[in-house]
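The values are calculated or read from the model by the stated rules, or taken from the named source; none is laboratory data. All of these numbers come straight from a predicted model, not from anything done at the bench. A quick note on method: Cβ atoms are made from the backbone with ideal geometry, for glycine too, and the neighbour counts reach across all protein chains shown.
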Amino acid sequence: MSDANDMSTLSRVMEKLSEHGYGQEFRITGKGCELTDTGDTFAPEDLLIVRVFRFEGVSDPADMSVLYAVETSGGTKGYLLDAFGTYSDYDTDLFAKFISQVPVEERDDQILF
């Protein structure tokens, strides 16, 4: 039986984020960070990273993902997911440059969950 509070898998963390209002997906594009449902695009200064989760593949440590819980200046909550290595959906330089410009205000798990 799995522990209901287990936060060790990507799917479990995404499920918990969604339960707490962070269910909107964001993607990095050449125009900025796009909210996939609406197409609204945000600049780095319009976003805030509130939590970062890192996951390594069990069979291959190079199979790594990073999940960012983000909020917009307008209050929209969501997530931004990046897989590293050959599984990445992004231009590595574009993503790294953009994400490094987004302010970070790490919040405790108790606030998010």
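Quick notes on this one:
- D82 at pLDDT below 95 and under 18 Å from Q101 (Cβ atoms): yes
- Restricting the search to strands (runs of 3 or more DSSP E) fully inside the stretch 26-73 and requiring at least 1 residues that are at pLDDT 95 or above and under 10 Å from the mean Cα position of the chain (by Cα) gives 47-56, 64-72.
- Those residues of the stretch 85-113 which are at pLDDT 85 or above, outside any loop (DSSP other than H, G, I, E, B) and β-branched (V, I, T), in sequence order: I99, V104
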